[in-house]
Amino acid sequence: MPTRINWPDAIRPLLKKYKSKKHPLEYRNVYQLMVMVVLSARSTDSVVNSIAPGLFAAFPDMGSLDGVKPEALFPYIAGITNFANKAKWLTAIAAEIKSDKDIPLSLDRLTLLPGIGRKSANVILREAGAPPEGIIVDVHVLRVAPRLGIVKEMDAKKVEEHLMKILPPKEWDAGMAMSFLGRETCAPKPKCETCLMNKVCVYYSRLKK
Ligand code: SF4
């Protein structure tokens with residue numbers, strides 16, 4: 001492995017592999033995407049996918065959530081971690097946005113909404129097809145990026161700052177690409193032999209010594 005990796009070049013095969021892969025949340029429009037991203041914090045995508053049809057049958061758009069008390073959501077989302085706070089955040093978001101057509105698609109405006117941090121906002125922008133303004137750093141990226149050796153930090157904010165510094169904006173989908181790699185190959189028990197990044201990976205190069 002070269003001692004100094006040119007990451008904008010080295011990350012390209014990963015970006016190519018996952019370029020148009022949709023996020024595992026099974027949303028059908030930007031309203032559903034936003035609601036499901038809020039619900040997925042500290043929960044799993046599969047749990048959120050399982051409750052989504054019932055929730056969206058009862059609340060099909062932002063307008064239908066506007067003016068609703070948080071408790072009205074409880075029967076639909078009770079299986080989700082931290083559901084009471086998430087119900088508060090979602091109803092507060094609806095009270096502010098009112099309509100699907102007014103869902104903001106900028107990092108600044110999204111992160112002003114309750115329950116939406118940078119990671120969630122970056123996911124919403126990616127999936128909605130808006131230009132990236134940051135890099136998705138989720139639990140998978142926090143495992144994969146240090147293993148690759150692309151970052152040394154373990155704090156999500158610092159990891160994102162570092163990645164944004166070393167990668168040009170056209171490669172800012174690297175976060176979601178690393179997230180997919182973490183889900184499929186670089187799991188807690190990594191499948192390094194079949195990994196397309198093993199030629200540049202610090203963790204793998206140490207394994208082979
Ligand atoms: S080579 Fe192994 S440790 Fe490195 S990114 Fe791939 S699966 Fe993860």
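The values are calculated or read from the model by the stated rules, or taken from the named source; none is laboratory data. Keep in mind it's a predicted model, so treat the numbers as computed, not measured. Ideal geometry is used to build each Cβ from the backbone, glycine not excepted, and the neighbour counts take in all protein chains shown. What goes into the accessible areas is simple: the full protein's heavy atoms, side chains included, and nothing from ligands, DNA or RNA. Shrake-Rupley method; radii C 1.70, N 1.55, O 1.52, S 1.80 Å.
Counting the residues of segment 172-203 that are touching a residue at least 60 places away in the same chain (Cβ under 8 Å) and either closer than 15 Å to LYS16 by Cβ or over 24 Å from the mean Cα position of the chain (by Cα) (or both) gives 12. The condition of being farther than 30 Å from VAL200 by Cβ, open to solvent by less than 40 Å² (accessible area, probe 1.4 Å) and either modelled with pLDDT under 95 or not charged (D, E, K, R) (or both) holds for GLY115.
So which of LEU73, LEU39 ends up being assigned to a helix (DSSP H, G or I), in contact with a Lys or Arg (Cβ under 6 Å, 6 or more places away or on another chain), outside the structural domain of LYS157 (by TED's automatic domain parsing) and touching a residue at least 12 places away in the same chain (Cβ under 8 Å)? Full working, then the answer.
Values: LEU73 fails: in contact with a Lys or Arg (Cβ under 6 Å, 6 or more places away or on another chain).
Being assigned to a helix (DSSP H, G or I), in contact with a Lys or Arg (Cβ under 6 Å, 6 or more places away or on another chain), outside the structural domain of LYS157 (by TED's automatic domain parsing) and touching a residue at least 12 places away in the same chain (Cβ under 8 Å) holds for just one of LEU73, LEU39, which is LEU39.
Every residue in segment 21-57 that is of a type in the set (A, V, I, L, M, F, W, C) and surrounded by fewer than 14 Cβ atoms within 10 Å (Cβ to Cβ), please. Passing the criteria: only ALA57.
Counting residues that are modelled with pLDDT of 95 or more, of a type in the set (A, V, I, L, M, F, W, C) and touching a helix residue (DSSP H, G or I) at 6+ places or on another chain (Cβ under 9 Å), which helices (runs of 4 or more DSSP H) fully inside segment 125-209 reach at least 3? Steps first, answer last, please.
Numbers: elements: 139-148, 156-166, 174-184, 202-207.
Hits in segment 125-209: 139-148, 156-166, 174-184.
Going through segment 63-83 one residue at a time, which ones are open to solvent by less than 40 Å² (accessible area, probe 1.4 Å) and within 22 Å of the chain's Cα centre (by Cα)? Across segment 63-83, the qualifying residues are ILE77, ILE80. Residue count for segment 92-101, restricted to those that are in contact (Cβ under 8 Å) with a residue 24 or more places away in the chain and surrounded by fewer than 19 Cβ atoms within 10 Å (Cβ to Cβ): 4.
Is there a residue in segment 133-151 that is acidic (Asp, Glu), open to solvent by less than 40 Å² (accessible area, probe 1.4 Å), more than 16 Å from the ligand (Cβ to nearest atom) and within 20 Å of the chain's Cα centre (by Cα)? No: zero hits. If we keep just the residues of segment 152-209 that are open to solvent by less than 40 Å² (accessible area, probe 1.4 Å) and of a type in the set (Ser, Thr, Tyr), which is farthest from the ligand (Cβ to nearest atom)? For segment 152-209, the residue satisfying everything is SER179.
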